[in-house]
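Q: Okay, handing you the structure first.
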Amino acid sequence: AAGQAAALTAQENGASVLLLEKGRHTGGSANYSEGIFAVGSYLQKEKGIEVSGTDVLKEEVEYSKYKADARIWRKYVDSSAENVQWLANEGVVFERVQAMGAGEATWHIYKGFGYGAIHNALEPKFLELGGELLTSVAATALKLNEDGSKTVTIRNEADGTTEDVLAKVVILAAGGYLNNK
Ligand SMILES: Cc1cc2nc3c(=O)[nH]c(=O)nc-3n(C[C@H](O)[C@H](O)[C@H](O)COP(=O)(O)OP(=O)(O)OC[C@H]3O[C@@H](n4cnc5c(N)ncnc54)[C@H](O)[C@@H]3O)c2cc1C
């Protein structure tokens with residue numbers, strides 16, 4: 001999800017993008033997701049659903065026994081409506097907005113779930129714009145060069161061969177954020 005969104009945005013803004021996926025298929029955990037959180041989205045407005053971002057923030061911080069970083073949550077809440085709009089603009093179709101369990105109606109369900117959002121909208125659009133995608137290819141090392149460029153070592157997971165790629169900018173979106181220092 002993070003890699004696809006970053007790759008598409010960079011490609012749209014004129015960069016020449018190489019998107020790497022070490023698995024055989026793209027999408028990562030997003031393939032298994034169902035919908036995205038948001039407050040104040042255009043879909044909620046259309047349906048007259050009113051949810052207070054501050055109430056959500058309070059609930060989440062209390063739920064985590066004050067371990068959750070309220071500043072990160074605030075940013076997430078404040079940009080959530082824009083995220084839904086961005087996805088819609090990129091061709092992601094939303095089926096409905098519903099509550100997750102007993103909570104507020106903040107869950108924006110994608111048509112075809114997360115798999116549909118990635119494989120029917122974000123990825124085809126990235127490829128249409130000329131983005132290059134390699135699957136079964138892992139990034140294994142990142143070197144910062146003196147001139148500011150970066151050298152990324154990539155490994156073909158099928159045959160073990162490696163190659164160096166020179167890049168101006170590298171975006172790491174390898175997941176595992178919670179468990180990876
Ligand atoms: C069953 C399930 C249901 C979920 N439901 C929801 C939901 O309804 N709503 C919601 O908001 N969230 C949901 N989530 C959480 C959500 O899916 C994740 O938060 C989100 O997908 C994380 O995206 P990401 O791009 O950061 O990481 P990931 O999805 O983990 O993607 C990282 C990708 O990077 C690749 N990669 C890793 N290392 C390398 C490397 N060295 N070189 C090349 N590629 C590499 C991985 O193979 C993977 O494809 C759910 C998660 C699961 C498991």
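The values are calculated or read from the model by the stated rules, or taken from the named source; none is laboratory data. Small disclaimer: the values here were computed from a predicted structure and weren't measured. With ideal geometry, Cβ positions are generated from the backbone for all residues, glycine too; neighbour counts draw on all protein chains shown. The area values use the complete protein model at the heavy-atom level, side chains included, leaving out ligands, DNA and RNA. Shrake-Rupley method; radii C 1.70, N 1.55, O 1.52, S 1.80 Å.
Q: Which residue pairs have Cβ atoms closer than 9 Å, lie 6 or more positions apart in sequence or on different chains, and pair a first residue in the stretch 39-64 that is at positive phi with a second residue that is of a type outside the set (Asp, Glu)?
A: Once the first residue is at positive phi and sits in the stretch 39-64, its partners that are of a type outside the set (Asp, Glu) give GLY40/VAL51; GLY40/GLY53; GLY40/VAL77; GLY40/SER80; GLY40/ALA81.
Q: Now a separate question. I'd like the full set of residues that are surrounded by 15 or more Cβ atoms within 10 Å (Cβ to Cβ), farther than 22 Å from ASN13 by Cβ and more than 13 Å from the ligand (Cβ to nearest atom), limited to the stretch 113-153.
A: Of everything in the stretch 113-153, just one residue is surrounded by 15 or more Cβ atoms within 10 Å (Cβ to Cβ), farther than 22 Å from ASN13 by Cβ and more than 13 Å from the ligand (Cβ to nearest atom), namely ASN120.
Q: Given the conditions (1) part of a loop (DSSP other than H, G, I, E, B); (2) open to solvent by 100 Å² or more (accessible area, probe 1.4 Å); (3) without any contact (Cβ under 8 Å) to a residue 12 or more places away in the chain; (4) over 23 Å from ILE49 (Cβ atoms), report the number of the one that GLY160 does not fulfil.
A: All conditions are met except number (2).
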